[in-house]
1. Once you list every other residue whose beta carbon is under 12 Å from the beta carbon of LYS92, what net charge do they have if Lys and Arg are +1 and Asp and Glu are -1?
2. Given the C-alpha atoms of the chain, compute the convex hull and give its volume per residue in Å³.
3. Tell me the relative contact order for the chain as a rounded percent, counting alpha carbon contacts under 8 Å between residues six or more apart.
4. Measure nothing fancy, just the Cα-based angle from helix 2-16's long axis to the longest principal axis of the chain, in degrees from 0 to 90, nearest 10.
5. When the helix-only estimate is applied to the chain (DSSP H runs of n ≥ 4, each -39,500 (n - 2.57), divided by the residue count), what is the mean residue ellipticity at 222 nm, nearest 500 deg cm²/dmol?
6. Provide the FRET efficiency to the nearest 0.05 for the ILE82-ASP109 pair, computing r from the beta carbons and using R0 = 35 Å.
7. Divide, for region 94-136, the radius of gyration over alpha carbons by 2.2 N^0.38 Å, where N is the residue count.
8. Show which aspartates and glutamates lie in cross-link reach of LYS77 when reach means a straight Cα distance below 17 angstrom and same-chain residues fewer than eight apart are skipped.
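Bear in mind these aren't lab numbers, they're just calculated from the coordinates by the rules spelled out. As the structure is a computational prediction, the values presented were derived from the model and not from experiment. For neighbour counting, all protein chains shown are included, and Cβ atoms are generated from backbone atoms with ideal geometry for every residue, glycine included.
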Amino acid sequence: MKKLITIILLLFSNYLLADITFKNPIIKNNFGKKVTAGFATIISDEDLEIIDISSNISKRIEIHTMLMEGDVMKMRKIESPIITTKKPLQLKKSGDHLMIYDLTENLDDLKNITLSFSFKNNSGEVIKKDVDFLVQ
Ligand SMILES: [Cu+2]
């Protein structure tokens, strides 16, 4: 009986986890270069922090923002990227973006790349989501 209750609770807790949507996930074809960028709009019905992004094509994936230093546009890593129910995280050209370093594959050969995202909610629970990005 105890086991059954645990199973029911586990099933139920899954339904309570955040509903996360990725709109237009795209990774730019880099034509043989070792670094590329990715874009998507990440929407959630719960406030979340991105704590990890991983993939088998790269060991180092970060989220960057662009800012002006004098006249020069620079990229900076966002240490704790946040998605709120009111404000989706928009990763787009000339704005915040995914930065994918040390590519181990030539993207010419790939149509899709799966990135694994780990999120943390306000209760400290970790939610994992695999997302297929279109190579474009
Ligand atoms: Cu960047």
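1. Its environment carries a net charge of +2.
2. Output value, Cα hull per residue: 129 Å³.
3. Here the relative contact order equals 30 percent.
4. 40 degrees
5. Here the helix-only value at 222 nm equals -3500 deg cm²/dmol.
6. 0.50
7. 1.48
8. GLU49, ASP52, GLU62, GLU69, ASP96, ASP102
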